[in-house]
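Visitor: I'd like to ask you about the structure that follows.
The values are calculated or read from the model by the stated rules, or taken from the named source; none is laboratory data. All of these numbers come straight from a predicted model, not from anything done at the bench. No Cβ is skipped: glycine too gets one built from the backbone with ideal geometry, and neighbour counts run over all protein chains shown. Ligands, DNA and RNA are stripped out before the accessible areas are found, and what is left, the full protein with its side chains, is counted by its heavy atoms. Shrake-Rupley method; radii C 1.70, N 1.55, O 1.52, S 1.80 Å.
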Amino acid sequence: MSSSWLKRTSSSLQQGDLLLNFEVPIPTRQTDQWNLRIVSTDAIVLTQSCDIGKAAQIDLLVATVFKFSEALAKWPQMKQPAYRTNLLRQQSISDFLLPPCPGERDDWSLVSFRQLHTVSKALAIDWPRLELSSPYREALAQAYGRFMMRVGLPEGLERREAELPI
Amino acid sequence: MAATTGHVISTKLVIPALLLSGTALTTTQSRQGNYSDSHLAITASSMYGAAGELTLIQEALRKSVQETQMRFSDAPPSIWFEDDAEPSLVDLFVGYDTSFTLSLEHDNSALLNEFSPSSDSWGGM
């Protein structure tokens, strides 16, 4: 049941919290000109909950969250059955799907592990947000962990199947 | 200046004006030196008394001119987005010798343009 995934937060800031319309600073540089963009976007916290409580943890790692309908309008290839199946089975490597939160967030959401930002913890602590329930919170952490730890081999063993003793 | 953290404001330009003002040590209205003046005035008063031995105070101030730089927090001013006014770039980046622009985007459409859905899946690994 989708309502059990996301809910209005009732605890302190933790991993898996969805910051609503958060203000993310994005610095870029072109030749001698710096540009600081402050972008309003939903973002989900990836920093470990146990680290968030530490005073030394002054920044948070967050991932951009898109409304699925808006992403779908922009990228028609997301309609492909294989892509949708991967998302629904949580088998996509770089994207993580979140269901709607009735009464709070009507749209499906898409977390992109390829669009990460570091933001101020002090700013995030009191920001309006929803929280991802357990064990979906841990599933998000696991998906991000797998995204980061994966290793691509230059050559697999599939071609040597015939050599494998029967 | 190639500062990467904090906003460094030198007091060098402020203190000479103080030295000329004498008894104005505790009442200066200089905006630029407001914090510096108060800090130094309190120090001078506590060390030398309200009547003041101006020579000693001057000496203390001269020493402060040579040694004092104050570092302010990186935190942006709290007034940042409380209204639609453009943030003051001077206030935000005072002391930085660089050129920059600041923009505010009210949605993540630009991020969505940079996003690209991937067909990579664990099933295909």
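Visitor: Would you work out if chain A is rounded, prolate or oblate? Take a ≥ b ≥ c from the square roots of the eigenvalues of the alpha-carbon gyration tensor; rounded if a/c is under 1.5, else prolate when a/b is larger than b/c, oblate otherwise.
Guide: In terms of gyration-tensor shape, prolate.
Visitor: What do the square roots of 5 times the Cα gyration tensor eigenvalues come to for segment A:1-52, in whole Å, largest first, as semi-axes of the equivalent ellipsoid?
Guide: 31, 13, 8
Visitor: To the nearest µm²/s, what D does Stokes-Einstein give for segment A:4-86 at 10 °C and 1.306 mPa s, using the Kirkwood radius over alpha carbon pairs as Rh?
Guide: Here the translational diffusion coefficient equals 102 µm²/s.
Visitor: So between residue A:157 and residue A:69, what do we pick up on full extension, going 0.36 nm a residue minus the alpha carbon distance?
Guide: Length gained, residue A:157 through residue A:69: 27.7 nm.
Visitor: In peptide A:37-45, how many Cβ atoms from other protein chains are near each Cβ within 10 Å, on average?
Guide: Values: counts 7, 9, 9, 7, 8, 1, 2, 0, 0.
For peptide A:37-45, the averaged partner shielding equals 5.
Visitor: Given the rule -39500 (n - 2.57) for each run of at least 4 DSSP H residues, summed and divided by the residues of chain A, what is its mean residue ellipticity at 222 nm, to the nearest 500 deg cm²/dmol?
Guide: After summing the helix terms and dividing by the residues of chain A, the value is -6000 deg cm²/dmol.
Visitor: Among A:135, A:102, A:154, determine the one that fluctuates most according to a GNM of chain A built with springs between C-alpha atoms less than 10 Å apart.
Guide: A:154
Visitor: Pull up all non-local amide H partners of residue B:104: gap of 5 or more, or a different chain, and H-to-H distance under 5 Å with H placed in the peptide plane.
Guide: Answer set, sorted by chain and number: A:38.
Visitor: Cβ under 14 Å from residue A:93's Cβ, residue A:93 left aside: what net charge do those residues give with Lys, Arg +1 and Asp, Glu -1?
Guide: Overall, the nearby charge balance is +2.
Visitor: Here's a follow-up. Assign one of three labels to segment A:88-131, namely rounded, prolate or oblate, based on the Cα gyration tensor with a ≥ b ≥ c the square roots of its eigenvalues; rounded applies when a/c is under 1.5, prolate when it is not and a/b is larger than b/c, and oblate otherwise. Intermediate results must be reported in sequence, preceding the final value.
Guide: Details: a/c = 3.43, a/b = 1.23, b/c = 2.78.
Verdict is oblate for segment A:88-131.
Visitor: If I model a spin label as a point 7 Å beyond the Cα along the Cα-Cβ vector, how far apart are those points for residue B:104 and residue A:106 in nm?
Guide: Spacing of the two 7 Å Cα→Cβ label points: 2.7 nm.
Visitor: Tell me, what HN-Hα J-couplings in whole Hz come from the Karplus equation 6.51 cos²θ - 1.76 cosθ + 1.60 at θ = phi - 60° for each residue of segment A:73-78, using x for Gly and Pro?
Guide: Once θ is set to phi - 60°, the couplings for segment A:73-78 become 5, 7, 10, x, 5, 5 Hz.
Visitor: Also, quick follow-up: Please sort A:58-69, A:23-34, A:111-122 by packing, taking for each peptide the average over its residues of neighbouring beta carbons within 10 angstrom, highest first.
Guide: Going by the mean number of other Cβ atoms within 10 Å, highest first, we get A:58-69, A:111-122, A:23-34.
Visitor: Can you quote the Å³ per residue value for the convex hull of the Cα atoms in segment A:45-88, rounded to an integer?
Guide: 92 Å³
Visitor: Enter the mean number of other protein chain beta carbons within 10 Å of the beta carbon of each residue in A:94-107, as an integer.
Guide: If you average over the peptide's residues, the count of other-chain Cβ atoms is 1.
Visitor: Then there is this: Shielding of A:141-153 by partners, i.e. mean partner chain Cβ atoms within 10 Å per residue?
Guide: 1
Visitor: Now a separate question. 7 Å from Cα along Cα→Cβ at both residue A:33 and residue B:55: what's the point-to-point distance in nm?
Guide: Between residue A:33 and residue B:55, the label points sit 5.9 nm apart.
Visitor: Same structure again: Interface size between chain A and chain B, please: total buried accessible area, 1.4 Å probe, rounded to the nearest 100 Å².
Guide: Looking at A and B, the buried total is near 2900 Å².
Visitor: Hey, another quick one. Residue A:77 versus residue A:118, label points 7 Å from Cα toward the beta carbon: distance in nm?
Guide: Between residue A:77 and residue A:118, the simple spin-label model gives 3.1 nm.
Visitor: Something else: Given a 1.4 Å probe and heavy atoms of the protein chains only, how would you sort A:144, A:136, largest accessible area at the top?
Guide: A:136, A:144
Visitor: Turning to a different aspect of this structure: In whole Hz, with x marking every Gly and Pro, tabulate ³J(HN,Hα) for segment A:140-147 from phi via Karplus 6.51 cos²θ - 1.76 cosθ + 1.60, θ = phi - 60°.
Guide: Rounded to whole hertz, the list is 4, 4, 5, 4, 5, x, 5, 4.
Visitor: I want to verify a result. In a Gaussian network model of chain A, Cα cutoff 10 Å, which of these has the top mean-square fluctuation: A:131, A:155, A:70?
Guide: Taking springs between Cα atoms under 10 Å, the residue moving most is A:155.
Visitor: Can I ask one more? Roughly how far apart, in whole Å, are the Cα centres of segment A:1-54 and segment A:59-133?
Guide: Cα centroid to Cα centroid, the span is 11 Å.
Visitor: Can you list residues from other chains, or at least 5 along the same chain, whose modelled amide H is less than 5 Å from the amide H of residue A:115?
Guide: Result for residue A:115 returns A:64.
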